[in-house]
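Only one structure is covered here, and it is reproduced in the block below.
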Amino acid sequence: MACTCVIGLQWGDEAKGKIVDLLTDQHEIVVRYQGGPNAGHTVVFGNQTFKLSLVPSGIFRPHVQCVIANGVVVHPGVLLQEINSLRERGVEVGANLLVSDRAHVIFPWHIEEDRLLNAVFGGEAIGTTLRGIGPCYKDKAGRSLAIRLGDLYRPGLRERIERIARTKSLMLSGLNGKIDFDPESIYREYADYAEQLRPHVTDTTKFLLEAAEAGRSILFEGAQGSLLDIDHGTFPYVTSSNSSGLGVTAGSGIPAKYITKVIGVIKAYTTRVGGGPFPTELTNEIGQHIRERGNEYGTVTRRPRRCGWFDAVAVRYSARLSGVDELAVMLLDVLSELPELRICRAYEIDGVQTTDFPSHTDDLRLVQPVYDVLPGWQKEIRHVRSFDELPANAKAYLNRIRELVGRPISIISVGPDRLDTVFAPALGN
Ligand code: GDP
Ligand code: IMO
Ligand code: MG
């Protein structure tokens with residue numbers, strides 16, 4: 001039995017979708033367990049590109065059972081739209097997709113609150129995806145104003161929505177003039193979503209526990225990245241769930257003892273969308289070059305992603321935090337034209353060097369990166385399929401990442417397609 005977790009180790013968009021799709025060959029079940037429609041996972045094969053926000057990236061293999069577990073926040077309208085667009089493109093979505101009745105539901109007031117708070121805080125804003133993620137998780141923790149997917153099928157839903165809509169209208173009016181949610185139309189909209197989703201909604205905790213106990217192989221698909229983790233990331237510039245490896249168990253209902261492997265996914269450089277400190281950020285033409293070559297524009301919001309050098313201090317921290325066994329290094333081809341590359345091996349703060357990752361963002365803002373400078377390889381590598389075929393300077397670059405992060409590299413990605421992949425079991429063993 002293999003229970004594998006695929007976890008982003010940076011600030012998201014590490015190409016987790018590609019890795020999950022690749023590993024579905026070896027797993028029977030793929031589970032999304034946190035985050036929500038803030039995620040944008042890309043899967044490319046043949047000449048088709050799919051972008052998924054709620055549906056697990058295992059959906060393209062008919063034998064795989066996909067599960068959206070309890071820890072995910074679900075906008076039923078977004079989910080239905082995604083299911084329909086997959087079906088239109090010939091992808092089967094039926095009994096192969098289960099959604100937890102415990103998952104919390106995103107309502108219009110969550111999206112409105114997200115929008116208002118981002119507007120109120122202007123330049124200091126977290127810069128969220130505006131999908132209502134934070135406000136929905138807030139209501140989950142607050143309990144009184146929360147609605148779970150299973151609640152949509154219970155008597156008294158209309159009255160419950162009416163009460164919450166009234167309360168939310170009052171609360172949010174304080175932020176920006178008069179807000180008046182129409183409970184009846186929201187009720188009708190969500191009751192209709194519920195009917196359409198009915199065949200998929202079930203107790204996924206029971207399903208997953210039985211699967212784990214029966215020794216079935218499960219792949220956990222992390223969303224966002226470990227540095228966006230609500231508890232251990234660069235707070236408050238984080239998302240509202242445990243997006244490091246630590247979120248797998250609570251978000252799915254699977255005890256930690258079943259997990260056999262954690263794969264940490266990293267870009268060969270660093271990107272970040274939204275606000276918050278980013279020590280190795282490149283605001284010059286090199287950053288621009290990486291953005292263009294890597295097509296670093298948000299999958300969900302199309303915002304240009306901030307780009308920078310690889311930060312081994314941050315990734316060493318998140319690899320330890322997420323319990324990573326192996327690394328998948330993605331988008332290596334994006335660096336192919338640069339004559340010189342840098343890897344941040346330490347931070348300097350007040351004249352003292354450290355490899356510790358600060359717990360407070362104010363301190364992270366102050367660090368000066370200490371760089372190793374390595375020569376680039378300046379050759380295209382998209383066609384490369386084995387470690388030996390890589391240029392010597394690319395091998396040296398990967399080896400330095402491996403040494404600094406302290407984990408072996410098992411996969412190297414040299415292009416977006418399934419086929420543009422090097423499996424490198426020997427490296428670092
Ligand atoms: P995720 O959110 O972690 O699944 O990552 P995204 O899908 O948001 O962003 C990763 C982007 O990189 C997608 O557009 C992928 O198609 C693309 N991609 C994945 N691997 C590679 C690679 O090795 N090289 C290049 N050039 N692009 C890649
Ligand atoms: P995937 O799964 C990159 C970022 C947002 C913002 C912060 C909080 O595709 O890697 P939120 O809407 O979650 O409240 O926004 O987190 N963010 C992501 N950045 N990839 C993601 O998902 C992200 N999901 C959220 O840009 O800075
Ligand atoms: Mg993404």
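Filtered by the rule that a residue be under 20 Å from VAL370 (Cβ atoms) and open to solvent by 60 Å² or more (accessible area, probe 1.4 Å), region 284-294 gives a lone residue, ASN284. Of the strands (runs of 3 or more DSSP E) lying entirely inside region 328-429, not one is found with 2 or more residues being aromatic (Phe, Trp, Tyr), surrounded by 15 or more Cβ atoms within 10 Å (Cβ to Cβ) and within 16 Å of ligand 1 (Cβ to nearest atom). Hey, does region 125-134 have a residue that's under 20 Å from the mean Cα position of the chain (by Cα), open to solvent by less than 70 Å² (accessible area, probe 1.4 Å), at pLDDT 95 or above and within 22 Å of ASP182 (Cβ to Cβ)? Looking through region 125-134, at least one residue is under 20 Å from the mean Cα position of the chain (by Cα), open to solvent by less than 70 Å² (accessible area, probe 1.4 Å), at pLDDT 95 or above and within 22 Å of ASP182 (Cβ to Cβ).
The residue that is farthest from TYR187 (Cα to Cα), among those in region 107-124 that are aliphatic (A, V, I, L, M) and surrounded by 15 or more Cβ atoms within 10 Å (Cβ to Cβ), is LEU117.
Residues that are out of contact with any Phe, Trp or Tyr (no Cβ under 6 Å at 6 or more places or on another chain) and within 12 Å of ligand 3 (Cβ to nearest atom) within region 21-51 comprise GLY35, PRO37, ASN38, ALA39, GLY40, HIS41, THR42, LYS51, listed in sequence order.
Against the numbered list (1) open to solvent by 30 Å² or more (accessible area, probe 1.4 Å); (2) touching a strand residue (DSSP E or B) at 6+ places or on another chain (Cβ under 6 Å), GLY156 comes up short only at (2).
The values are calculated or read from the model by the stated rules, or taken from the named source; none is laboratory data. None of these values were measured; they are calculated from a predicted model. Methodologically, a virtual Cβ is constructed for each residue, glycine included, from the backbone with ideal geometry; neighbour enumeration extends over all protein chains shown. SASA here: full protein model, heavy atoms, side chains in, ligands and nucleic acids out. Shrake-Rupley method; radii C 1.70, N 1.55, O 1.52, S 1.80 Å.
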